[in-house]
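Scroll down for the structure; my scribbles are underneath it.
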Amino acid sequence: MRTQFPAALALALVAATPVCAQTPAASTAGVPGSERIKEVPSVSAIDPAAIKPGQILFTDHRDNPTAPENGLIPYLDWQKARPAEAAALAPYPGYKEPDYTVTVNGVTKPRHETLKIYVAEGRFIVPRPPEAIDVASFANLAFVQKMDPAIKHRAVSENDVTPNKDPAASFAKRPDRPWCEGAGACIESRYDLEGKLPLGVKLANKLEEGSAKKIAEYVSFQSELRVLGPDQAAPLKALTKVDTSVTGGLEQTIFWVNQILRFGKFLAVFQPMPNDPTKTVVTTYMALAIKGDVLDRKAEYARVPVFKNLLPAQVLMGNSSFNTGNSISAGLPVYARNRITTFADALAKR
């Protein structure tokens, strides 16, 4: 099997992040646009009472943004370094890096896949009490469609879910229940590559003529969207470190993607403001698991002149000439900021 060159495509996996928007959200009154996102080393280390109206605290654990993989952490290290975060943002409790078989030149071999994780965290205040926020109203296809004009979504049934029905995808099944069972929405999504990416994919496929598997000019993914029940209150409170009860949670889990990505999750946790129950603290998380071998192909890309400045890590982390605009094409860090800002604005309008 010949190695593919998905460097031009690496940016596309950003499209597989949950419930997204394609344009930066307008600033909320009271906070200048340049101060809307406040970069902090730790969201939980700051008293929620110190957050200004309309302001969003943000961290994605990047202390050296120019380094190619700064902000990415191996899955096993993530579990050790940030166990509460890993427990909440993994696809399901007890999730492990995938083991499956691959066939190369007619020979079937076992394979263990390593993952690297990008996590962004945001926190903002809604000037209404938690009981005035209808979390369930966000757990539907219509909300996803309104938030995202560039990615096309359609509802699918539990029986249409790939890991539920395809033996070759059994490594992605949940052990405790079928994906989408009891979910508010079961969604199949497709994002057609934009900007220079389709041309890059065509070139990559041309260079790899004869390869058994071509790079797609789109990213397709399946996800479930659900409201979290009271049984999740304790681990969510341990995650946010806000010392009030958890009144609600919204979770979208991407469990199947056609390439590059292994899983993704968006999580929003709602809690009363400490000492002021007329306000709600909302803590949001975005997690993306990238196949480790995609990021490890530096030498292979370097030998192809058109790709040598398009290492997947560069594109993903917004350090490539392919990164443009303020949305998906800008890379994960910019996109995550816009995603969290858009969700904050959606809550402000309800």
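The values are calculated or read from the model by the stated rules, or taken from the named source; none is laboratory data. Predicted, not measured: the structure shown is a model, and the values here were computed from it. With ideal geometry, Cβ positions are generated from the backbone for all residues, glycine too; neighbour counts draw on all protein chains shown. Remember, those area values only see protein heavy atoms, side chains included, never the ligands or the DNA or RNA. Shrake-Rupley method; radii C 1.70, N 1.55, O 1.52, S 1.80 Å.
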* To do: Return the total of residues in the stretch 185-215 being small (Gly, Ala, Ser) and modelled with pLDDT of 80 or more.
  => 2
* Of the residues that make up the stretch 269-288, is at least one of a type in the set (Phe, Trp, Tyr) and over 23 Å from Ala136 (Cβ atoms)? -> no
* Might you check whether a residue that is touching a Cys at 6+ places or on another chain (Cβ under 7 Å), open to solvent by less than 30 Å² (accessible area, probe 1.4 Å) and at pLDDT 95 or above occurs anywhere in the stretch 221-244? => yes
* **Selected residue (criterion: modelled with the lowest pLDDT) from residues of the stretch 98-122 that are of a type in the set (S, T, N, Q) and on the phi < 0 side of the Ramachandran plot** => Thr103
* To do: Within the stretch 280-303, identify whether any single residue is at pLDDT 75 or above, open to solvent by less than 50 Å² (accessible area, probe 1.4 Å), charged (D, E, K, R) and in a strand (DSSP E or B), and answer yes or no.
  => yes
* Selection within the stretch 63-112 - under 25 Å from Pro312 (Cα atoms), among the small types (Gly, Ala, Ser) and within 18 Å of the chain's Cα centre (by Cα) -> Gly71, Ala86, Ala90
* Quick check: is even one residue across the stretch 89-103 touching a His at 6+ places or on another chain (Cβ under 7 Å) and open to solvent by 60 Å² or more (accessible area, probe 1.4 Å)? -> yes
* Show the residue pairs that are 6+ apart or on different chains and have beta-carbon atoms under 8 Å apart, the first residue being within the stretch 88-109 and hydroxyl-bearing (Ser, Thr, Tyr), the second being part of a loop (DSSP other than H, G, I, E, B). => Tyr92/Arg174; Tyr92/Pro175; Tyr92/Asp176; Tyr100/Glu113
